[in-house]
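Only one structure is covered here, and it is reproduced in the block below.
The values are calculated or read from the model by the stated rules, or taken from the named source; none is laboratory data. Please read all numbers here as calculations on a predicted model, not as lab measurements. FYI the Cβ positions are ideal-geometry reconstructions off the backbone, even for glycines, and counts take in every protein chain you see.
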Amino acid sequence: MPNIKIFSGSSHPDLSQKIADRLGLELGKVVTKKFSNQETCVEIGESVRGEDVYIVQSGCGEINDNLMELLIMINACKIASASRVSAVIPCFPYARQDKKDKVGSRAPISAKLVANMLSVSGADHIITMDLHASQIQGFFDIPVDNLYAEPAVLKWIKENIPEWKNCTIVSPDAGGAKRVTSIADRLNVDFALIHKERKKANEVDRMVLVGDVTDRVAILVDDMADTCGTVCHAADKLISAGATKVYAILTHGIFSGPAISRINNACFEAVVVTNTIPQEEKMKHCPKIQVIDISMILAEAIRRTHNGESVSYLFSHVPL
């Protein structure tokens, strides 16, 4: 593949290396460091003039530092005469701040701010995965390819859950109903959702299960899990409603705060996440966590974008 360079930010070098290996390329030379006053400094170590540049940086770890590093790397490549700069952001930062709620009318729409920052820094194209709210694509005036982990999730279910034909796909909240019905339709199984009722602010939620999981394997599906309160509460609800086993499949496993201890104490057979966020450390402390590798989906999206091919094939297929 001529005229293409892939650079890795410091948030997830392992994923960047897997993408480069899949494409048969070397990662570009880049040095990222911090001055003593904590300013980020980036030095691109090779020519990018006239090249099609891809910068891989996930929204995880030290999110603000990593976001700033990505913006600086995009700008560094742009002003070094790269022909096109694409930001590959497997987990989009600030995606949950995508609208004003009724409660906090003075709340910011930070996802739009991040979109503006990426555009102003010089990004020509964004590749991301399972956006928390797909309308974030509309915050950009540049092309955004929102890839889906769904094909890889379907493959994992069929290969790792022997009783998958007798399962129910469950959404832990009403917001994820669309995602769950899509997977249930593709597997030709039933779906259910859990409705959270709040009587008052800060009062314990009452969870109401809409659908039947009696004597079935329940598979909770969501786009991200942070502190895992909702998903663990939902698992208890499913077991008490008669489910034989409970699995959780989440695209972005953030797992902050008490998440790991909650998962260890919960009744999951397995908590399956993709490697949009590094999971090596979390897996050491939690044997229930399993990882689906999605580097081949991102690598194929880069290859197709570079060659001017359609990316929509990846919405329903896992590249071999």
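The condition (being of a type outside the set (A, V, I, L, M), under 24 Å from the mean Cα position of the chain (by Cα), over 26 Å from Pro258 (Cβ atoms) and exposed (fewer than 13 other Cβ atoms within 10 Å of the Cβ)) is satisfied by just one residue among Asp215, Asp185: Asp185. Mind checking which residues of region 275-299 are in contact (Cβ under 8 Å) with a residue 60 or more places away in the chain, assigned to a helix (DSSP H, G or I) and buried (at least 19 other Cβ atoms within 10 Å of the Cβ)? Result: Ser295, Ile297, Leu298, Ala299. The residues of region 116-134 that are more than 19 Å from Ala149 (Cβ to Cβ) and touching an Asp or Glu at 6+ places or on another chain (Cβ under 7 Å) amount to a single one, Ser119. Among residues of region 22-33 being touching a helix residue (DSSP H, G or I) at 6+ places or on another chain (Cβ under 8 Å) and either at pLDDT below 95 or not β-branched (Val, Ile, Thr) (or both), the one that is surrounded by the fewest Cβ atoms within 10 Å (Cβ to Cβ) is Glu26. The number of residues in region 105-115 that are free of Cβ contacts under 8 Å to residues at least 12 places away in the same chain and either touching a Ser or Thr at 6+ places or on another chain (Cβ under 8 Å) or closer than 18 Å to Asn146 by Cβ (or both) comes to 0. Counting only residues that are modelled with pLDDT under 95 and crowded, with 20+ Cβ neighbours inside 10 Å, region 61-94 holds 0 of them.
Filtering region 235-274 to residues that are more than 18 Å from the chain's Cα centre (by Cα), small (Gly, Ala, Ser) and not in a strand (DSSP E or B) leaves Ala235, Ser240, Ala241, Gly242, Ala243, Gly257, Ser261, Ala266.
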